[in-house]
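Everything on this sheet refers to the single structure shown next.
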Amino acid sequence: MNPKERNIILVGFMGTGKSTVGVMLAEMLGFSFIDTDAQVVKKAGCSIPEIFAEHGEVYFRQIEHEVIAGVLQGKGQVISTGGGAVLREDNRQAMLGNGQVIALTADMDIIVERVRQDRNRPLLQGDVEERVSQLLEQRKHAYDFADLMIDTTELTVDTIVGIILAHRPHSL
Ligand code: S3P
């Protein structure tokens, strides 16, 4: 495969900026932008909160897995994944085998600030600080498998995109 068309897969906790960064990155590279959460919603025919409420997280993870496996067949894509997509070993292997995996991280305060008003993330309903803190602890090593890890806490979107572009293999 032409290395110029190698997928970029963005992983990271909720609120770390995967979609914002992904859209700009795709534009810079002339790649298509894929948001796996949006694909899950399309496939299931209902919203993420509805999927969780009516079918449960296990069902959501299965659809998410199928979407990821399908999307990774393509090339020339920036793929923004849901924060829990990395929890399955088969997803992690598929990502590493089909693109460059970039993990975005951010300090807890920033994450809480970004997701506080959000009603679309079932795992964060209730006491947001408490939920973010618990999940960050549970997932503290979940993103370590990535090819590159970027702490976005003090970075602008432009800078983050620049760092990712500078790390393209063969200095593309
Ligand atoms: C989830 C993250 C969400 C979405 C779902 C579950 C998670 O995606 O897939 O609510 O388990 O971290 P974002 O990371 O895009 O918010």
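The values are calculated or read from the model by the stated rules, or taken from the named source; none is laboratory data. In this text, all values refer to a predicted model and were calculated from it rather than measured experimentally. Cβ: placed from backbone, ideal geometry, glycine included. Neighbour counts: every protein chain shown. Protein only, heavy atoms only, side chains kept; ligands, DNA and RNA dropped before computing areas. Shrake-Rupley method; radii C 1.70, N 1.55, O 1.52, S 1.80 Å.
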Requested in this report: Please verify whether the range 160-170 includes one or more residues that are touching a residue at least 60 places away in the same chain (Cβ under 8 Å), away from the ligand (no atom under 16 Å from the Cβ), assigned to a loop (DSSP other than H, G, I, E, B) and open to solvent by 80 Å² or more (accessible area, probe 1.4 Å).
Outcome: yes
Query raised in the report: Quick one: which of G56, G17, G22 is more than 26 Å from T159 (Cβ to Cβ) and of a type outside the set (A, V, I, L, M)?
Result: G56
Query raised in the report: If you go through the range 25-46 one residue at a time, do you hit one that is in contact (Cβ under 8 Å) with a residue 60 or more places away in the chain and closer than 16 Å to R121 by Cβ?
Result: no
Report summary line: Subset of the range 118-133, residues within 12 Å of the ligand (Cβ to nearest atom) and assigned to a helix (DSSP H, G or I), comes to P122, L123, L124, R131, V132
Report task. Hey, can you tell me all the residues within the range 137-156 that are open to solvent by 50 Å² or more (accessible area, probe 1.4 Å) and outside any loop (DSSP other than H, G, I, E, B)? Result -> E137, Q138, M149, D151
Query raised in the report: How about the range 1-19: which of its residues are in contact with a strand residue (DSSP E or B) (Cβ under 9 Å, 6 or more places away or on another chain) and of a type outside the set (D, E, K, R)?
Result: N7, I8, I9, L10, V11, G12, F13, T16, G17, S19
**Report entry** Residues satisfying the stated conditions in the range 63-73, i.e. of a type in the set (D, E, K, R) and either under 21 Å from V21 (Cα atoms) or buried (at least 23 other Cβ atoms within 10 Å of the Cβ) (or both)
**Finding:** E64
Query raised in the report: Any idea which of (1) open to solvent by 40 Å² or more (accessible area, probe 1.4 Å); (2) out of contact with any helix residue (DSSP H, G or I) (no Cβ under 8 Å at 6 or more places or on another chain) is the one R116 doesn't satisfy?
Result: (2)
Query - Answer residue from the range 74-113, given it is more than 14 Å from the ligand (Cβ to nearest atom) and part of a loop (DSSP other than H, G, I, E, B) and is most open to solvent (accessible area, probe 1.4 Å) among those - result: K75
Query raised in the report: Going through the range 8-38 one residue at a time, which ones are within 13 Å of the chain's Cα centre (by Cα), polar (S, T, N, Q) and either surrounded by fewer than 21 Cβ atoms within 10 Å (Cβ to Cβ) or not in a helix (DSSP H, G or I) (or both)?
Result: T16, S19, T20
